[in-house]
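Here's the structure we're looking at; comments come further down.
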Amino acid sequence: PFVYALISSPGNIRNLQKYIAINDQLADPRKINRNDKEAQKLIKQGKTFVLITHGIHSTEVGSTLSSMLIAYRLASSNKSDIKKILDETIIIIVPSLNPDGVDIVKNWYDKTLGTKFEGTSPPELYHKYVGHDNNRDWYAFTQVETQLTVDKIHNVFRPQIVHDIHQQGQTAARFFIPPYEPPVEPNVPKQIIEGYSDIGKYMAKKMRDKGFQGITTNTTYDAWTPARAYSHYHGGVRILSETASADLATPIEVKFDDLRGRRGFDAREESENFGPVWKGGKWGMRDITNYMTTGAFYLMKHAAEKRKDWLERFYEIGKEATRPRKDGELFAYILPESVSQNGNNDAYFRSLDLMQILKAGGVESGRLSQDTEINGVSYKSWSIVIPVAQPYGNFAKALLERQKYPDLLDGENKPIPPYDVTAHSLSLMTDVKVTEINTPFSFTNYDGGYGYGVGSGCGKSSGQMDKFALYRSSIPVMDEGWTRWIIERFAGRSSASCTELVEATDKLFAGTIDPALMTIIFPDQSPNQILNGYKEDAMPSEYTGGVGKEGVENLKRFVEDGGRLIFLNRASDFAIEQFKLPLKDVTDGVPRKDFYIPGSILRTKLDTAHPIAKGMQAESIAWFEDSPTFEVLDDARVKVIARYPDEPKEILLSGWALGAEKIAGKAALVEVQMGKGKIILFGFRPQYRGQSSATYPLLFNSISN
């Protein structure tokens with residue numbers, strides 16, 4: 001069960017629908033004709049909505065446990081400060097954003113309790129498909145947990161404050177709280193930045209005054225991507241707190257000399273962004289929950305005492321978002337290929353997929369009521385229109401435009417890594433053409449559904465998919481989960497049937513490989529992990545070891561006898577090394593200061609005559625993240641299916657690319673002949689986080705016979 005609790009005063013609970021209605025009007029001031037006097041009346045009556053979420057990452061066990069402590073104190077205390085919180089705010093608590101993961105981690109902890117493996121992370125993804133990446137899904141909404149949270153909580157209560165309680169590493173700060181370090185994604189309203197800065201500084205000061213040590217702000221974590229911050233584009237601040245971890249629930253001893261800093265601070269020295277210094281010592285679950293609950297109650301205290309300020313800020317965000325746009329300002333987006341052609345148009349279905357995502361995020365859309373010419377360009381009747389002047393227009397803008405991540409370099413001219421990735425252009429990842437219009441024009445509002453699942457327009461494989469296997473290492477790999485999720489949902493929509501998908505573990509390769517298997521897929525994983533797996537002393541024996549040398553030889557025979565191996569992203573280097581393929585990874589060993597592309601969308605050129613690129617356009621994309629790029633050493637054995645443009649300036653589509661000239665003209669996707677079989681190497685992630693549906697067909701066609 002996926003549960004949440006509402007906690008407030010009895011009067012607020014009785015009048016909950018009234019306060020929801022007030023929030024709804026403040027979020028969309030068009031409902032009160034953007035009338036400031038009417039808004040002030042609503043603000044005077046309204047309450048601050050605070051959403052506190054726990055346990056999205058299930059190995060961060062203190063987070064889920066702290067939810068009970070927070071709820072109990074709110075429900076049982078008669079102290080004046082708690083009464084103030086209950087009177088002025090409405091608290092929504094989600095005890096776990098990943099409840100299945102709680103069981104997975106607890107069962108593993110119980111199994112290893114009292115052994116030398118106590119406190120280790122389980123040898124499986126703690127979310128069935130995506131593990132840690134469930135906190136990268138707040139703009140694509142692929143997973144059911146995300147869908148429930150957005151649909152049943154965010155879009156109903158519209159919280160002004162979201163407090164997301166996490167844990168971080170053991171040897172850095174004891175506690176992180178905003179402000180975030182730069183950069184901030186440009187579509188985040190200034191009021192959001194002011195809000196998370198104000199409340200973060202307040203929490204840090206109050207906790208320091210109370211004697212808490214090792215607190216850092218304005219370091220480590222940025223506010224660049226909507227993948228982690230749905231609320232930043234929906235009128236609410238996201239307050240991320242990160243508390244230092246133990247070994248799951250097992251206390252640890254941390255020596256002062258073992259403390260390390262992160263970007264922006266040193267954990268052994270007091271500074272503007274860090275302090276007071278924690279001297280080390282025992283660190284356990286009670287320390288973790290003390291930091292978490294103390295921070296949460298100061299957050300709620302601020303929400304209560306500054307209730308009027310929070311609601312005014314919320315209204316100002318909505319008012320700015322909904323103001324009419326002037327000529328010359330961005331007015332709307334048009335999806336020119338969103339009109340069905342004879343009911344069988346891939347571009348049409350891709351447009352519907354993207355619109356389903358946007359609609360789930362509260363974005364309004366319209367349709368052209370007739371053929372229309374705008375700025376000399378003709379658009380067909382019924383083309384989809386996404387106006388910017390609406391409450392969540394900035395959410396749409398963030399997903400439709402191309403990102404320009406700033407060139408952030410340190411004192412040695414080395415790139416400063418982003419916290420996560422640098423691109424989130426869903427229009428590019430779903431291959432939907434989007435046109436920006438800076439001139440007002442007429443369109444008809446459209447409130448209909450878009451009735452297709454995410455990825456339904458992702459193309460068709462060109463042949464029969466026989467029995468194939470997906471490699472699952474004992475070391476849990478999120479890319480394996482994403483691959484399994486995509487295959488389960490979309491491969492069966494090919495023009496031919498998708499037959500049996502089986503799991504391939506390290507043990508499969510210890511003997512003869514099933515002769516019925518035609519294809520084995522290796523997801524994005526480091527070559528060392530694939531070959532060696534866990535070391536003997538790191539996990540119980542049944543989980544140790546990788547494919548091994550014997551497995552490599554068995555895989556080699558499998559291909560030579562006519563089988564097919566597919567390697568995604570970093571796994572491609574495993575294939576090059578172990579099978580002595582006539583390829584060179586041109587990115588290998590290049591210093592970061594000369595070449596760095598951290599999670600960006602690049603342009604590729606496809607050989608559409610090759611079966612793997614069948615049915616696709618000549619120009620496509622690649623999600624590049626710790627990715628190899630291939631130089632072909634034997635043209636007779638290697639076919640290039642995708643390559644990067646020869647001109648370096650044409651390579652980057654969205655994000656950040658330092659040293660793009662290193663990969664100009666080089667191969668991104670190749671097929672290598674080996675005996676009677678083939679090895680297919682992707683130098684990118686074709687199924688990146690369930691978002692890059694533009695390149696799903698390349699994967700499905702690779703599996704197809």
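The values are calculated or read from the model by the stated rules, or taken from the named source; none is laboratory data. Everything numeric in this text was worked out from a predicted model, so none of it was measured. Quick reminder, even Gly has a Cβ in these numbers, built from the backbone with ideal geometry, and neighbours come from all protein chains shown. Protein only, heavy atoms only, side chains kept; ligands, DNA and RNA dropped before computing areas. Shrake-Rupley method; radii C 1.70, N 1.55, O 1.52, S 1.80 Å.
Rounded to the nearest percent, how much of the accessible area of the stretch 1-74 (1.4 Å probe, protein heavy atoms only) is carbon and sulfur? Roughly 55 percent, rounded to a whole number. Measuring between their Cα centroids, the stretch 546-611 and the stretch 294-334 lie 47 Å from each other. Highest mean first, the peptides 591-603, 676-688, 630-642 sorted by other C-beta atoms within 10 Å per residue fall in the order 676-688, 591-603, 630-642. Only lysines eight or more places from LYS404 in sequence, or on another chain, were considered; those with a Cα closer than 16 Å are LYS649.
Take each of the peptides 147-153, 114-120, average the number of other beta-carbon atoms within 10 Å over its residues, and list them starting from the highest.
Per-residue Cβ counts within 10 Å, averaged per peptide and sorted highest first, yield 147-153, 114-120.
Assign unit charges at the C-beta atoms only (+1 for Lys and Arg, -1 for Asp and Glu), then state the dipole size of the chain relative to its Cα centre in Debye, rounded to the nearest 20.
Working: 85 positive and 88 negative charges, 412 e Å.
The calculation lands at about 1980 debye.
Taking a threshold of 32 Å on the Cα-Cα distance, which of the pairs LYS18/LYS359; LYS84/LYS111; LYS44/LYS206; LYS210/LYS535; LYS433/LYS593 fall above it? LYS84/LYS111; LYS210/LYS535; LYS433/LYS593, as the Cα separations exceed 32 Å there. Return the carbon/sulfur percentage of the accessible area of the stretch 654-699, one whole number, probe 1.4 Å, all protein chains in place. Carbon-and-sulfur percentage of accessible area, whole number: 43.
Full extension of the chain between GLU253 and ARG14 gives 81.2 nm of extra length, using 0.36 nm per residue less the Cα-Cα distance.
Normalised per residue, the accessible area of the chain is 40 Å², obtained with a 1.4 Å probe and no contribution from ligands, DNA or RNA. If R0 is taken as 45 Å, the Cβ-Cβ distance between GLU312 and ASN528 corresponds to a FRET efficiency of 0.25. The alpha carbon radius of gyration of the stretch 184-287, expressed as a multiple of 2.2 N^0.38 Å, is 1.21.
Take peptides 556-565, 365-374, 253-262 and line them up by average Cβ neighbours within 10 Å, highest first, as a rough protection proxy. Each step should come with its number before you reach the end.
On the way: 556-565: 18.2, 365-374: 15.9, 253-262: 14.4.
Answer by packing, highest mean first, reads 556-565, 365-374, 253-262.
With the convex hull of the Cα atoms taken as the outline of the stretch 225-267, the averaged projected area works out to 4.9 nm².
Annotation for ALA75 and ALA21: the two label points, set 7 Å from Cα along the Cα-Cβ direction, are 2.9 nm apart.
For the chain, what does the helix formula give at 222 nm: sum of -39500 (n - 2.57) over DSSP H segments with n ≥ 4, over the residue count, nearest 500 deg cm²/dmol?
On the way: 18 runs with 204 residues, N = 705.
Taking each H run of at least 4 residues, the total per residue is -9000 deg cm²/dmol.
Take the Cβ atoms of ASP151 and ALA636, set R0 to 56 Å, and the FRET efficiency comes out at 0.55. Per-residue extension of 0.36 nm, minus the Cα-Cα distance of LYS106 and GLU272, leaves a gain of 55.9 nm for this segment. Summing +1 for each Lys or Arg and -1 for each Asp or Glu among the other residues whose beta-carbon sits under 11 angstrom from that of VAL640 gives 0.
Could you tell me what percent of the accessible area of the stretch 256-385 is made up of carbon and sulfur, with a 1.4 Å probe and every protein chain present? List each step's numbers first, then the result.
Working: 2510 of 5920 Å².
So the carbon and sulfur contribution to the accessible surface is 42 percent.
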